[in-house]
Amino acid sequence: MPPPLLIDQPSLQGFCPIADAVDTLASQTDADGRGAVNTRPEVVEFMLDLAGYTACQPLHRMRLLEPSFGGGAFVLAAVGRLLRAFKAAGGGADLADCIRAVELHRSTFHATRQKVDALLRAHGLADAERARLLSVWLVSGDFLLHPLSGRFDVVVGNPPYVRQELIASALLCQYRKLYATLFDRADLYVPFIERSLALLANGGQLAFICADRWTKNTYGGPLRAVVSAGFHVRAYVDMTDTPAFESDVVAYPAITLIERAKAGATLVAQRPGVGAADALARLAQLAGVLRAGQPSPAHGVSLVECVGTGSQPWVLGSSSQRALLRRLEAQFPALEDAGCKVGIGVATGADKAFIAPMAALDVEPSRKLPLATTKDIASGTVQWTGLGVVNPFEDDGKLADLALYPRLRAHLERHRQAIAGRHVAKKNPANWYRTIDRITPALAARPKLLIPDIKGSAHVVYEPGGLYPHHNLYYVVSQDWDLRALQAVLLSRVARQFVAAYSTAMRGGFLRFQAQYLRRIRLPLWADVPPPMRARLAHAATTLNMAECDQAACELYGLTPEEADALLSD
């Protein structure tokens, strides 16, 4: 995979919007806005060990890249190892080509430069030599745009986690031209991984700690395809509920070791003991096990023969879980192929203007609908709290003519500033009063299953019809399946197994029950479900008997006693 064609930052003067956007990122003071999260020292040491960048290696003959060095945790540790290896080898080599470390944020760059200078001084390097090495080792610029020559044996670090909406449109457009993996709503760490992989030498190692979302969700598909096409995922370390950073993060990270080599099996480790008194020693042992390439039950390291194919989500669970998942995927159709439909509730972009207690919405009766929110289904059954949503759409999907609805028009005009200020309104000023998502009134009347986005276990609530779902609720409807029977299946641990395999975990082990993951659930055709099983499933859901939902689902899917025991004991 050849490196992408890049733009040298000094040449950006002809692209003023891009240059201005880069300058803004380089000078902003908000650490969250630039995705700055510091990695704990023991994790840094572990990752360098994992990548094979250890002082017992001839590091003076290797090249290391740190794409976003921030406060300098990785680059300082790497420089220390390089100098120790250099002295052990007797010195005599020129170290100028050994390290390249890039940082965009100017004040951070200069602060870290001082730290590296102090480290070099402590190792006895003269003023002129320190200045020479610093001038080539540390690069002030945007890693995604700045040219870098040659390939690297090791790329290590913690790439910035920045949402696309925080990047100026001109700069984002330039990034998209250069990086095919900046797909859908991918965060900035995704093209960081793409370019880093492109810069790896044959046999080179990339060790990154970043959000694990790209390994499973939609926006990570193109990057997974890049990895599958030319690289070997050597190791994957799940850091869920592990204090890997100096500050808390919502999306949990993973450490991934990727080699430019022929694809092969992957060693998977779960939640290493970061933060313990003996963390450094334990992590050093784990790195040695992972580098050795063999599973080790004693260290919690398992072997996955194939984490994923092409752009498909990675499945990294135990071998028994993967085997069960693959068998069910081969045997049964996906949820929507079995006669069900998954959707998400309405996003308005201005909830205070569109949502209020039903009686307080002073619009025509046909212009408002009762709204279901997560609070309404928190108990496991529907207990409507009385909210309603303004509906600016006719039944045919067209926006309502405000001339026909004076009360609706008056309500919208009262809230015009908030409504017209939304992005969707600015894109199409003539339709300024539409909700972000089109409202289909017929959905409110239809029986449906409502599912909140983030939950520790499946929370599937039957709604008999009458409420329209809010945007933080997913819904499932079906022309074929009885919804009560379907509710039992979706409440079961069988269904959760599919979501857990493809969803990213959140703090506390919570899963994302999003449409893309719900659609991964496999389901028998309703016509193939015997009448006694239909009745059994419906009764289990109606009584919210979770144990019976599990048992009935295991029988429905034909799980062996061993498979059922493994699933239900998990």
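Residue ranges 397-403, 169-175, 546-552 sort as 546-552, 169-175, 397-403 when ordered by packing (mean number of other C-beta atoms within 10 Å per residue, highest first).
Distance between the 7 Å Cα→Cβ label points at H539 and A229: 5.5 nm.
Relative to the dominant Cα principal axis of the chain, helix 41-50 is inclined by about 80°. Just give me a number: lysine pairs in the chain, eight or more positions apart or cross-chain, with C-alpha atoms less than 20 Å apart. Lysine pairs meeting the criterion: 11.
Stretching the chain fully between H299 and A360 yields a gain of 16.0 nm (0.36 nm per residue, less the alpha carbon separation). Scalar couplings 3J(HN,Hα) for segment 111-118, obtained by applying the Karplus form with A = 6.51, B = -1.76, C = 1.60 to θ = phi - 60°, are 5, 6, 4, 5, 5, 5, 4, 5 Hz; x denotes Gly and Pro. Taking 10 °C and 1.306 mPa s as conditions, segment 121-220 diffuses translationally at an estimated 102 µm²/s according to Stokes-Einstein applied to its Kirkwood radius (Cα pairs). By DSSP, the beta bridges lying fully in the chain are antiparallel in about 70 percent of cases. Helix 73-88 axis versus longest C-alpha principal axis of the chain: approximately 30°, rounded to the nearest ten.
Here the chain exposes an accessible surface that is 54 percent carbon and sulfur, computed with a 1.4 Å probe and the other protein chains kept in place.
Other residues whose C-beta falls under 12 angstrom from the C-beta of Q285 contribute a net charge of 0, scoring Lys and Arg +1 and Asp and Glu -1. Put the Cα centre of segment 355-405 next to the Cα centre of segment 175-221 and the gap is 41 Å.
Using R₀ = 30 Å, calculate the FRET efficiency as 1/(1 + (r/R₀)^6) where r is the Cβ-Cβ separation of A263 and A347; round to 0.05.
Taking R0 as 30 Å, the efficiency between A263 and A347 is 0.15.
Applying both filters, DSSP loop and at most 16 other Cβ atoms within 10 Å, to the GluC sites (Glu not before Pro) of segment 324-418 gives E394.
Listed highest first by mean packing, meaning other Cβ atoms within 10 Å per residue, what order do 514-526, 81-93 come in?
514-526, 81-93
Distances between placed amide hydrogens fall under 5 Å for L200 paired with F152, all partners being 5 or more residues away or on another chain.
Per residue, what accessible area does the chain have, given a 1.4 Å probe and all protein chains present, in Å²? Intermediate values should be presented prior to the final figure.
Working: 23990 Å² over 570 residues.
Heavy-atom SASA per residue in the chain reads 42 Å².
Take every pair of alpha-carbon atoms less than 8 Å apart whose residues are at least six positions apart; their mean separation over the length of segment 388-473 yields a relative contact order of 23 percent. Projecting label points 7 angstrom from Cα along Cα→Cβ for R438 and R84 puts them 6.3 nm apart. Sum up the charges of everything whose Cβ sits under 13 Å from the Cβ of H411, counting Lys and Arg as +1 and Asp and Glu as -1, but leave H411 out. Net local charge, H411 excluded: +4. Set the Förster distance to 30 Å, then compute FRET efficiency between A122 and R163 from the Cβ-Cβ distance, nearest 0.05. Step by step, r from the Cβ atoms, then E = 0.15. Sorted largest first, the spans of the alpha carbon positions of the chain along the three principal axes are 82, 62, 41 Å.
Between the residues G150, L50, G388, the greatest Cα displacement towards the positive end of the dipole of the chain, with unit charges on the Cβ of Lys, Arg, Asp and Glu, is found for G150. Packing here is the average count of other Cβ atoms within 10 Å per residue, and on that basis the peptides 383-391, 113-121, highest first, run 383-391, 113-121. Computed from Cα atoms alone, the Kirkwood hydrodynamic radius reported for segment 32-127 is 14.0 Å. Charge dipole of segment 55-106 (Cα centre as origin; +1 on each Lys and Arg Cβ, -1 on each Asp and Glu Cβ, all else neutral): 120 debye, rounded to the nearest 20. Overall, the chain carries a charge dipole of about 600 debye about its Cα centre when +1 sits on the Cβ of Lys and Arg and -1 on the Cβ of Asp and Glu, all other atoms neutral. For H232, the shell of other residues with beta-carbons less than 13 Å away shows a net charge of +1, using +1 for Lys and Arg and -1 for Asp and Glu. Take every Cα pair under 8 Å whose residues are at least 6 apart in sequence, average their separation, divide by the length of the chain, and the relative contact order is 12 percent. Amide H contacts under 5 Å for L371: L387, G388, V389, Y468, restricted to partners 5 or more places along the chain or on a different chain, H placed in the peptide plane at 1.01 Å from N.
The values are calculated or read from the model by the stated rules, or taken from the named source; none is laboratory data. What you see is a predicted model; the values in this text were computed from it and never measured. Here the Cβ is made from the backbone with ideal geometry for all residues, glycine too, and neighbour counts use every protein chain on show. Side chains are part of the model used for accessible areas, which takes the heavy atoms of the whole protein and leaves out ligands, DNA and RNA. Shrake-Rupley method; radii C 1.70, N 1.55, O 1.52, S 1.80 Å.
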